[in-house]
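What follows is a set of notes on a single structure, which appears directly below.
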Amino acid sequence: MEIKKAQRMKAKLRMGIAAPSGAGKTYSALLLAFGLGGKVGLIDTEHGSGHLYAHLGDYDVIEVSAPYSVAKYTQAIKAFEDAGYQTIIIDSLSHAWAGDGGLLDKQGKLADRGTNSFAAWRTITPEHNALVDAMLRSPCHIIATMRAKQDYVLETNDKGKQQPKKVGMAPVQREGMEYEFTVMLDVDMNHVASASKDRTSLFDGRFFKIGKETGAELLQWLETGVAGPDVKAILEGISKSASVDVLRGHFDAAMSMLPESDHPAVKSAKNKRLLELEPERANKSQPKETAHA
């Protein structure tokens, strides 16, 4: 094992924004994206609402409708990547989990058809992981909005009387999803944001409204550090390996050079090229049919 000196690398933003309906998730995400600069693409699962903010600035939209499958999300992400966008807003990520045709819906239908709960999750989890992987290895900045579960608390007003107040709770997503992001912001009904997770330390103890200046501040942090390896070029090198020996060399170098978040993409590229170089492996890897009672 090689011991390396720790150093900050330039990075792409991975941000989550969670808020109740009406708190301004889309509005905030767009302002932040404009502060990052470059072309902005928005994946709209909110029935065309992504077009309502065209007055804020220049951006393009891909509309995704039900069923909200992981494949639709990953295809939209790739479309923006291939078209050279700098920032992708996923608005909202919650539909992939709890929407019509989302992962929870799919798990329930599998269970209804007689698949036991454990076996159903074994089918769903790889799809969830594929979506996380698509966000983490994207060459673009990623901003994902999530709906927050709504709840009401009683609050004493200035007249000494109690009145209900709507507050945001946990994001509507698979438990633990917030840990995949570099920054996780919670936005309340007054449009005030605070960080529940922040690897940048920029927002520690701060309560603020998200604006273009927030994106500019994040960009300065993201651009501070040495240039990291070109993941796209490394994957392309793997996919064009002329022999199995060359492929092994590219693979070993990539695994030692790239962070763990890129390892699934490296392994996938290696396995695909290996089957192209040695197609007989494909037949050996096919599962054998088994008799059913």
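The values are calculated or read from the model by the stated rules, or taken from the named source; none is laboratory data. Just so you know, these numbers come straight off a predicted model, no measurement behind them. Cβ atoms come from the backbone with ideal geometry, glycine included; neighbour counts cover every protein chain shown. Each accessible area value is taken on the protein alone, full model and side chains, heavy atoms only, with ligands, DNA and RNA left out. Shrake-Rupley method; radii C 1.70, N 1.55, O 1.52, S 1.80 Å.
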Eligible lysines near Lys161 by straight Cα distance, threshold 18 Å, same-chain separation 8 or greater
none
On Cα atoms only, tilt of 25-36 relative to the major axis of the chain in degrees
70
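Per residue, how much accessible surface does the chain expose to a 1.4 Å probe? Answer in Å², no decimals. Walk me through the intermediate numbers first.
On the way: 16570 Å² over 293 residues.
Per-residue accessible area for the chain comes out at 57 Å².
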Quick one: which residues, 5 or more positions from Lys197 or on another chain, have an amide H under 5 Å from its amide H? H modelled 1.01 Å from N in the peptide plane, none for Pro or chain starts.
Met184
Selection from Gly102, Asn190, Ile88, by position along the positive dipole direction of the chain (Cβ):
Gly102
Per-residue HN-Hα couplings for segment 81-92, Karplus 6.51 cos²θ - 1.76 cosθ + 1.60 at θ = phi - 60°, whole Hz, x for Gly and Pro?
4, 5, 8, x, 7, 8, 10, 10, 9, 9, 10, 10
Of Gly225, Gly114, Gly37, the one that fluctuates the most in a GNM where the chain has Cα springs shorter than 10 Å
Gly114
Under the rule of -39500 (n - 2.57) per DSSP H run of 4 or more residues, summed and divided by the residues of the chain, what mean residue ellipticity at 222 nm is obtained, to the nearest 500 deg cm²/dmol?
-12000 deg cm²/dmol
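Of the beta bridges DSSP finds with both residues in the chain, what % are antiparallel, to the nearest 5? Please report the intermediate quantities before stating the final value.
On the way: 14 of 39 bridges.
Here the share of antiparallel DSSP bridges comes out near 35 percent.
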What are the aspartates and glutamates whose alpha-carbon lies under 12 Å from the alpha-carbon of Lys197, with same-chain residues fewer than 8 places away excluded?
Glu178, Glu180, Asp186
Folded to 0 to 90 degrees: helix 117-136 orientation relative to the chain principal axis, Cα
80
What residues qualify as long-range amide H neighbours of Val172, i.e. H under 5 Å apart, gap of 5 or more or another chain, H built at 1.01 Å from N?
Arg147, Ala148, Lys149
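Which three semi-axes in whole Å describe the equivalent ellipsoid of the chain, each the square root of 5 times a Cα gyration tensor eigenvalue, listed largest first? Don't skip to the answer; put the middle values down first.
Working: eigenvalues 269, 140, 63 Å².
Listed largest to smallest, the semi-axes of the chain are 37, 27, 18 Å.
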The rounded separation in angstrom of the Cα centers of segment 68-99 and segment 176-218 is 21
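Can you put Asp204, Asp105 in order of accessible area, largest first, using a 1.4 Å probe? Could the numbers behind the result be given before it?
Values: Asp204 130, Asp105 45 Å².
Largest to smallest exposure gives the sequence Asp204, Asp105.
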Tell me which residues come under 5 Å, amide H to amide H, from Tyr68 once H is placed; ignore anything under 5 positions away on its chain.
Asp100, Gly101, Gly102
